[in-house]
Every structure is written in C-alpha cells, then in structure tokens.
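First the structure, in the form of structure tokens, and then the observations on it.
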Amino acid sequence: MKNYLRYLIVFILFGSLFFTYTITIEPSTIKAVVDKKLPLKIEKKGLLITVNQIDIVKVLNNVVESKMDVDVKIDNSTKVGKFLPKKSLHLTLLIESIPKVHGTFLQFEVFSFKVNKIIKIKEVKGALKKKLESIKFSIKSLEKISWIFSAKAIKFQDNGELLLRVGLSKLIIFLLIPLFLLREIGLLLIVLYQKFLSPRKKYRCAKGQFYQNSTCSSSTKEALKKDGFIAGIKEYRRSTKECKIAYQTLSKDKRRDGTSCDCSYCSGCNVGSCDGAGSFGSACDCSGAVPCEVGSC
C-alpha cells in the first residue's frame, strides 16, 4: 500500500508540471505602485528628463500602450542647448511595451514610443530604456509562495487586468520526485552493480563466502524490496561490517601443516581459494591482500 501511495504522489508531481494557477491583478493596483515611482528623473548628456505621470491607455494582444507626461530641461552648455531658444519642453509620449515577470516583480519592456503623436521611435535604447524598465512592482500574492511557484505566462486583458499564470517550480518537482523513488533508485543501482561491476571483480564477497549465505549486495537488495530505503541502508551498513570481519578472519587462517601456498593472485575478498579446494580450514595466509572494500562487497 505504501508503494502505491508513493507512486501516486510521483504521478501527481509529474502532472503538476502542466497545472497552472491564475493570479489576477487589478489596474488600480498597478497604477498605485507605478505612481510611487514618480516623478522619475533621467539625466543624460546635458538633458534632464522628468517623468511626471504614467497612465495605461489601452491593451491589445498583450501589448500595453501607456501615456507619459514628460518635462525636458536642456543645459546651455550642450551643443543642442546653444541653438535652441527654449530650454525646457513639455512632451507627451505614447509608449508601447510588453509585460514581463522576473522573479516576483512585474516590469514593462519598452520597444517603441511616439512623441506628441508625431515622431515615432521604433527602437528604444540606452539610459531611457533602462530607466523605463526599472519601473517594476512586487507581486504580493506571489512573494509568499515564490519558493514553490514560478510564473509561466503573463497576459494583460483589454480591460487592463493583469492575468499571471503560475505553476509549481520545476526545481521543486525534480527535487521531490527522487525522494519518493529512493527505494527504486537503490534497487536500480544494485542491479547495475551485480550485472556489470561484480562479475569483473572475479571474487566473491567475504561475507557470503564465510557465512555461506547472501552477499552484501543481495541482502541489501532484499531489505530494500521488503522494508524500503531506510531498512536497506541499515542492512547495507550491517552487511559491510560483517564482510570486513569475515575477511579479517579468513585472511588469518593458515594450513595446519605449516606449509604455504602461492597467494600472488589473492586480492580483495578472494579468500579461501588459494588452496584450490576453497575450504577455509586449510586456507593459506592472505594477510597481504587488499582489505575488503565496502563498495566491492
């Protein structure tokens, strides 16, 4: 029953990748936050640009058109200031922008504007673009859950309402899924070890050889299947301790007649095989062999 519950949770987590929750932000909320940023002053090459007011005029296909009242003061020391009779101008800008979400902040990416409905600049660059895009506000409803949810899509309605679609963070999902599949991951690693790595060692685990029962990997595998990941870890630690003790016991055995055999090929846990018969009572001294490593049992 526990396994079915874990699989159900994993299935729900995968399904949450396609689930989104919509947050609605009223035009008045946007207006209030934008007004707190005003007046906005921009200084660039002898020009002092002061943005006094910003109002959303209309929204079409998620493109926001805003009206901006701007005062421009020109320094006399600049080349432009020397030739212009008027040192201050009042301009009305119609700005086209696309809403963007960065973390828990909403900002507007400006791509064009018109000056007094006459001159149109199709591409906004430099300090003006950076200043305009610095007008952003925190999405309060997203702040508290930002570590779990992330914005997936953003759209302005024609009535000025902002619809923000959020979903469960992919990072959170891919961190949670392995936690519910630790048992399966452990079993997979053991199967890969037994199939590909263990045969290459050319010797048997000392625990299995001494006690004539299951090896470290086999007993850990059974514990994982029966009782889960925690039980598997406990069994793995217990088995490797038994493996080390078994190896130390077997490596100290000598032939009773005092003779010795060639142990040049003894390594790791390959004990009890030097006499050719594999009987431990007459095994040769393999004390010079490499101790049984935990990862190779």
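Readers should treat all values here as calculations from the given coordinates under stated rules, not as data from a laboratory. Predicted model only: the values in this text are computed from it and were never measured. As a convention, Cβ positions derive from the backbone with ideal geometry for all residues, glycine included, and neighbour counts pool all protein chains shown.
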By count of other Cβ within 10 Å, fewest leading, how are 105, 156, 14 ordered?
14, 105, 156
Can you put 21, 247, 203 in order of Cβ neighbours within 10 angstrom, beginning with the fewest?
21, 203, 247
Please compute the length gained on full extension between residue 130 and residue 176, using 0.36 nm multiplied by the number of residues separating them and subtracting their Cα-Cα distance.
12.7 nm
Residue order, fewest to most beta carbons within 10 Å, for 240, 92, 22
22, 92, 240
Could you compute the net charge surrounding residue 185? Neighbours are other residues with a C-beta less than 14 Å from the C-beta of residue 185; K and R count +1, D and E count -1.
+3
Under the rule of at least 5 residues apart or a separate chain, name every residue whose amide H is placed under 5 Å from the amide H of residue 53.
69
If I model a spin label at residue 201 and residue 28 as a point 7 Å from the Cα along the Cα→Cβ vector, what separation in nanometres do I get?
7.2 nm
Work out from phi, with θ = phi - 60° and the Karplus expression 6.51 cos²θ - 1.76 cosθ + 1.60, the ³J(HN,Hα) of each residue of the stretch 57-67, listed in order in whole Hz, and give x for Gly and Pro.
8, 7, 10, 9, 6, 6, 9, 9, 9, 10, 9
What are the residues whose amide H is under 5 Å from the amide H of residue 169, where those residues sit 5 or more places off or on another chain and H is modelled from the backbone?
149, 150
